[in-house]
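This report concerns only the one structure given below.
Read-outs throughout are calculated quantities, based only on the coordinates presented, and are distinct from any laboratory measurement. All of these numbers come straight from a predicted model, not from anything done at the bench. Note that we place each Cβ from the backbone using ideal geometry, even for glycine, and neighbour counts take in every protein chain shown.
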Amino acid sequence: MTTDVRPLPPTLSTIVRAGAQAAETAPVKIDVRDLNFYYGQKRALDGISMAIHANRVTAFIGPSGCGKSTFLRTLNRMNDIIPGARVEGAVRIDDHDAYGSGVDVVSLRRQVGMVFQKSNPFPKSIFENVAYGLRINNLTRSKAEMAERVEESLRAAAIWDEVKDRLHESALALSGGQQQRLCIARALAIRPDILLMDEPASALDPIATQRIEELVYDLKKAYTIVIVTHNMQQAARVSDYTAFFWLGRLVEYGRTDRIFTAPAEKLTEDYVTGRCG
Amino acid sequence: MAVSLGPNASSAGRRRADLVFQAVALVVLAVALGALAVLVATVWRDGAHRLTWQFLTSFPSRRAESAGIYHAIVGSLYVIVLTAVMALPVGVAAATYLEEYGGRSRLARFIELNIANLAAVPSIIYGLLGLGLFVRTMAMGRSVLAGAATLALLALPVVILSTREALRTVPSSIREGSYALGATKWQTIWYQVLPMAVPGILTGLILALSRAIGETAPLITIGALTYIPFAPDSVWSAFTVLPIQIFNWVSRPQAAFKDNAAAGILVLLALLLTMNAIAIVLRDRYQRKGRP
């Protein structure tokens, strides 16, 4: 891992800095209190508390196995499908308890979308990949409306121009970067409130990565975005807030520029400057 | 140390072992294929001259030269199609339950163990079960339906086991992708998991049906006739199938009937190969679906 934090690209860094100086006006979207998570007997997350703001990009950084992906997956209850997984504590989304007894997990996941580390398009056509979420949730009333929503989603994910002439070809014929943007389009199609991204660019080349990062920056106008990343430059470039995880604990959480320039914890400083992890 | 590409003591020994193993494998393969070739050649020599249009379209007769196999071909086709229609949905549903819903519960493991055992039960036992359950209790009589139901029982364990295998090969990333879009478990299984498992399911079905089409004992047990002068015209008809007709001819003392039996075997082989070919084409089409 490189030891220095490279200077931010001028446009982005100016915006990030400007945003950071203003007081936070965005409401809290996700409020996590004293969250513990267990895989069987093993405790993977230990007393996590944090407030994630609406229409901001929050990045989770930390070494492999520190629990950042696990934490991300507790936010849309994706961990429910893992046998032996157990959660303690509270996750409140727009002041509703995500783990409450009356919660419909399916409806929760419809509102908290997710993009995975490895792009996972369905072995169907490009169109069908995006239309799937609309179909299963009965979100459109006509074929025309569905086609409209598919186009809108593909445009929002900045992939429309590349695929508009081959919507009915297999999604598996796309390049890695295109597949990942298709997965983002697929997640956007059902209009979630929150978008969780689990290292969405880790398997992509620098150009494709840059496109995803630009996309993240655009999408935060409409969505609350939580992004897990291994890449600290990426966290610095795209996020407003950064949370640093270490061995299942949340070590430090704050505005991205402060985490990278003036961390309060020694461990954070060591990590962001590349002295450990 | 310099790179040396020539032979040396240690590599020569290993190469020899490699060659010996290759030779042994080749001999074993040759024996197996040789036996099959001799078998087919013998049957062909005896039966080829009886493979005429008349043979394929005639009913059994006391005179070997005017006897035919039409009724048995139709009977076999009836039985095998009905068997597939019954075994496929039940087998896939059972496997889906065990794999996706049963999880690691005690009950699911108990059922799984028993299914594996069922796959090894001699087919005549299924015949006895079919006789008691379908022919008598459910009053289906000695019909095509009862025969197919019996063979479906026989085919079920293989269909269930291969479907479970196929379901397991569907990557978890696909399931997660579907769940993350707000799909229910059932939607995920129906729209994503099962379609991806189709090639594996079809392979299992081919194997099971190939076994079923060659079965004689369970059908004789439930009372399929060895001599009928008509082809089945409904699922309630009495019937016979190719292996039973072949068995019938083999047991006759006259040599001419032995030739009929050989020709019958050729017909059965052709039917089997056709079935497998259709299934392979179907499987390939599904494997290509969605692939670039």
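Please work out the C-alpha center-to-center distance from the stretch B:4-73 to the stretch B:215-292 and express it in whole Å.
The distance from the Cα centre of the stretch B:4-73 to that of the stretch B:215-292 comes to 20 Å.
From the phi of every residue in the stretch B:100-107, what ³J(HN,Hα) in whole Hz does the Karplus formula 6.51 cos²θ - 1.76 cosθ + 1.60 yield, where θ is phi - 60° and glycine or proline is x?
Couplings: 9, 10, x, x, 9, 5, 4, 4 Hz.
First check a/c for the stretch B:1-116, with a ≥ b ≥ c the square roots of the eigenvalues of its C-alpha gyration tensor; if it is under 1.5, answer rounded, and if not, answer prolate when a/b is larger than b/c or oblate otherwise.
Numbers: a/c = 4.37, a/b = 1.31, b/c = 3.33.
Here the stretch B:1-116 falls in the oblate category.
Any idea how far apart A:Asp104 and A:Arg135 come out in nm if each label point goes 7 Å out from Cα toward Cβ?
2.1 nm
So what is the calculated 222 nm ellipticity per residue for chain A, using -39500 (n - 2.57) for each DSSP H run with n of 4 or more, over all residues, to the nearest 500 deg cm²/dmol? Mind showing how you got there, number by number?
Working: 11 runs with 103 residues, N = 277.
After summing the helix terms and dividing by residue count, I get -10500 deg cm²/dmol.
Shielding of B:181-191 by partners, i.e. mean partner chain Cβ atoms within 10 Å per residue? Walk me through the numbers before you get to the answer.
Details: counts 19, 17, 8, 6, 3, 1, 5, 2, 0, 1, 6.
What the average comes to for B:181-191 is 6.
Taking beta carbons within 10 Å but only from partner chains, what does the mean come to for residues B:171-179?
Numbers: counts 2, 3, 6, 4, 2, 7, 13, 6, 9.
Taking the mean over all residues of the peptide, I get 6.
Testing the spin-label approximation: label points 7 Å from Cα along Cα→Cβ at A:Lys221 and A:Asp270. State their distance in nm.
4.3 nm
Can you list residues from other chains, or at least 5 along the same chain, whose modelled amide H is less than 5 Å from the amide H of A:Val115?
A:Leu196, A:Met197, A:Asp198
A:Ala44's amide H: which non-local residues (gap 5+, or another chain) put their own amide H closer than 5 Å, with H modeled 1.01 Å from N in plane and none for Pro or chain starts?
Amide H neighbours of A:Ala44, under 5 Å, 5+ apart: A:Phe37, A:Tyr38, A:Tyr39.
What average count of beta carbons from other chains do you get within 10 Å of the Cβ of residues in A:129-140?
Working: counts 3, 1, 0, 7, 6, 1, 4, 11, 5, 0, 1, 0.
What the average comes to for A:129-140 is 3.
How would chain B be classified by its alpha-carbon gyration tensor: rounded, prolate or oblate, with rounded meaning a/c under 1.5 and the a/b versus b/c comparison settling the rest? It would help to have the intermediate numbers written out before the result.
Numbers: a/c = 2.27, a/b = 1.22, b/c = 1.86.
Oblate is the answer for chain B, as a/c is 1.5 or above yet b/c matches or exceeds a/b.
Per-residue ellipticity at 222 nm for chain B, helices alone: DSSP H runs ≥ 4 residues times -39500 (n - 2.57), over residue total, nearest 500 deg cm²/dmol? All intermediate terms of the calculation are to be shown ahead of the outcome.
Details: 11 runs with 195 residues, N = 292.
Roughly -22500 deg cm²/dmol at 222 nm, from the helical runs in chain B.
Shape verdict for the stretch B:119-234, please, from the Cα gyration tensor: rounded (a/c under 1.5), prolate (a/b greater than b/c) or oblate. Walk me through the intermediate numbers first.
Values: a/c = 3.02, a/b = 2.67, b/c = 1.13.
Here the stretch B:119-234 falls in the prolate category.
State, as an integer percentage, the relative contact order of chain B based on alpha-carbon contacts under 8 Å between residues 6 or more apart. Write down the numbers at each step before the final one.
On the way: 348 pairs, mean separation 76.2, N = 292.
26 percent.
Going by alpha carbons, how many degrees (0 to 90, nearest 10) lie between the helix axis of A:206-219 and the longest principal axis of chain A?
90 degrees
So for each of B:23-34, B:103-114, B:45-56 I average, over its residues, the number of other beta carbons within 10 Å; can you give me the resulting order with the highest mean first? Display every interim value, and only then the final one.
On the way: B:23-34: 10.1, B:103-114: 11.7, B:45-56: 15.1.
Result, highest mean first: B:45-56, B:103-114, B:23-34.
Taking the Cα atoms only, what angle lies between the long axis of helix A:10-21 and the longest principal axis of chain A, rounded to 10 degrees?
Helix A:10-21 and the main axis of chain A meet at about 60 degrees.
Hey, how many Å between the Cα centroid of the stretch A:71-142 and the Cα centroid of the stretch A:214-277?
The distance from the Cα centre of the stretch A:71-142 to that of the stretch A:214-277 comes to 24 Å.
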